[in-house]
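Report on one structure; see the data block that follows.
The values are calculated or read from the model by the stated rules, or taken from the named source; none is laboratory data. Quick caveat: nothing in here was measured; it's all calculated off a predicted structure. Glycine gets a Cβ as well: all are built from the backbone with ideal geometry, and neighbour counts include every protein chain shown. The accessibility values were calculated without ligands, DNA or RNA, using every heavy atom of the protein model including side chains. Shrake-Rupley method; radii C 1.70, N 1.55, O 1.52, S 1.80 Å.
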Amino acid sequence: MIAHPYFPQGSAEAEKYLVVQPALFQDEFSARGTELGGEMTSITIRSNNLDNLVVGELNVKWSARGDRILRYYIDVRHVKMNLHKEVSAPELFILQSKMDTLIASWDEKYEHFTKKKNIISGHAAAEDLTVEAAMRLDSIESILIDTLKVDDRVDWEALKDKSAYDFPKDFAEPQPNSSSEPEPTFTAPKIGFFDLILGRKKRIICAAEDDFRSVMQAWQNVELQRSVNHSKAVEAWDKRRKAFWDDHLARKAIFEAEQASSHAEVERLKSEVGQSNEDAVIEHASLVLENSNYRGLFEKSYLIQYHSEKLLLKVAYDLPAIDVLPSTKVVKFVKATGELRESHITDREKKANFESACYQICLRTIHELFEADEYGNINDILFNGFVNYVDPATGVERRACLLSVLVNKATFSAIDLSRVEPKACFKSLRGVSAASLASLAAVPPVMEMDTEDRRFITAREVGSGMDEGTNLASISWDDFEHLVRELFEREFASRGGEVKVTQSSSDGGVDAVAFDPDPITGGKIVIQAKRYTRTVGVSAVRDLYGTVMNEGASRGILVTTADYGPDAYSFANGKPLTLMNGANLLHMMQRHGQKAKIDIKEARALMEEN
């Protein structure tokens, strides 16, 4: 854990903070940040449950010229509740605001989570949980009403960090002190009777005086050294104290400069929203939806697109699955076993709550976005509601559009949402949905979302430059990924499909995405390209399956220049996965009039030579 930059390591406050900085290209990032006006170079994760959070790297996307940051991305995962989200924003202060909202909601949800897990108070606990369960069930019915009590406009001033720098009260290290040894005193020697008779008095006195002078000299030497050491210690302490205060003065200056810069960015975003800048309108809408408090009913996830010339805002919203919504009705304490046993509402009630929640979320989202539109940027809103579920017939995860509606602002503003029945209101707006949402029957959206993805890059043709002598096993990763994109683009061209290549990674990520419009077999298809010279193991196929699930895709295709092991084929069996080996790839190229070869031995030899 890294201490918060404005709290000393080990303090109580430091334990509640985690500062995330770019892990890659830090020097470049800092240098460019300085050139860009000393902008923030980190975000702070504030949580009382840091041990339960896994925070990814703070990634930065630069402009093509490398002189401007286009966007920041960071992944965060709650390991105890199995929650995950990628948070992104064009500015760090917006990313910080989004992260604060997300972590606060997770902390609140985790409090309920731990309370439920650690209950040991018998009947009292059961009664408390029953009351809580009833409140959570009731909250489903108030999804729409709750937002009518809230001003959904963005509070720009609240986005500004107006906290003061926490300046320390004093320098914790005490000033060095030193105590001198007592000065020696001369003690006259005793002169005996015989010393007087024998005339030794003078000699004895002289010897005593000599001894005292030696002791005195030693004491003076020690005192001198002590004084010198003390002076040096005080001098060093003074330097440390000065450095301490100078450091905090510098930190305060940086803090205030970053604060002023973030305030300026808030004003810039506000201004750009007023000017109908597309990216700014999208970020504004994202802030509105992030601030929408569903009291932990489900984890929000959505995609927003905006067309300024049409004043059209498109929202693809992930609706909660049936089993995500609260279903506990009563909690009883079983004395015999010491367990807390839950009883649930009926399946019919679950389906009714699911349908009610979906229609309310749709109307609530539209209301919040229209109400927050202070600058008249939105005339129409498209809401497409999706749900991810497991197909009981196949056990495969699916994604379906359950409801879709395109609403005009004037029409929607004339509705009194406090008195409507959500489903009837949705239907009156000419919304499209199945007769029963609980059937999870997919419907064609009123209007499709754009197929753009921030990861997509400009494609380039590479196949035309290849011939029988081109060894696919030894071409660059980048060329191989573009070749795969090119082949699948030709494959889907007859059906009006589209294939886009993503930023080259060579790390098992998404290398291309196909959008197949076929209503039965089509959908989003994830394609991974692996230019391998070794057998592809089962781990790569598992990774592909996980990516298909995370992307909400209908199918995954893995293309390699080599072949797959038996465990890889075994894992793919029965799943929406297609494994293409080198022979399949060459056959596809031949079908589309391209030629090449795959010589694994030659590629290995070349790699060893390099």
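Listing for the model above:
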| item | result |
| --- | --- |
| With every protein chain in place, the chain: carbon and sulfur % of accessible area (1.4 Å) | 51 |
| Size of charge dipole - the chain - debye, nearest 20, with Cβ of Lys, Arg +1 and Asp, Glu -1, no other charges | 1360 |
| Cα centroid of segment 269-327 to Cα centroid of segment 525-599, whole Å | 35 |
| C-alpha long axis of helix 122-141 to longest principal axis of the chain, angle in ° | 50 |
| Three semi-axes of the equivalent ellipsoid, segment 170-219, Cα gyration tensor, whole Å, largest first | 44, 9, 4 |
| Segments 476-488, 373-385 sorted - mean Cβ within 10 Å per residue, highest first | 476-488, 373-385 |
| Cα-based equivalent ellipsoid, segment 322-402: semi-axes from gyration tensor eigenvalues, Å | 36, 19, 10 |
| On Cα atoms only, tilt of 538-551 relative to the major axis of the chain in degrees | 80 |
| Value of relative contact order over the chain, rounded to a whole percent, pairs C-alpha under 8 Å and six or more apart | 9 |
| Rounded to 10°, Cα long-axis angle of helix 278-290 versus longest principal axis of the chain | 80 |
| Farthest positive-ward along segment 160-268 dipole, Cα basis, beta-carbon charges - from 230, 264, 205 | 205 |
| Prolate/oblate/rounded call for segment 247-354, Cα gyration tensor, a/c under 1.5 rounded | oblate |
| Packing-based order for 316-329, 278-291, using average beta carbon neighbours within 10 Å, highest first | 278-291, 316-329 |
| Burial order of peptide ranges 529-537, 197-205 (average beta-carbon count within 10 Å, highest first) | 529-537, 197-205 |
| The chain, accessible area per residue, ligands and nucleic acids excluded (1.4 Å, Å²) | 53 |
| Qualifying lysines (Cα of each under 29 Å from Cα of residue 597; at least 8 residues distant if same chain) | 500, 530 |
| Accessible-area ranking of 346, 187, largest first, probe 1.4 Å | 187, 346 |
| Cα-based reach from residue 252 at 22 Å (exclusive), listing lysines while leaving out same-chain residues under 8 positions away | 16, 160, 162, 169, 239, 242 |
| Sequence-distant lysines (8 or more away, or on other chains) whose Cα lies within less than 27 Å of residue 423 | 149, 300, 314, 329, 350, 351, 409 |
| Neighbourhood net charge (12 Å Cβ-Cβ; Lys/Arg +1, Asp/Glu -1) for residue 187 | -1 |
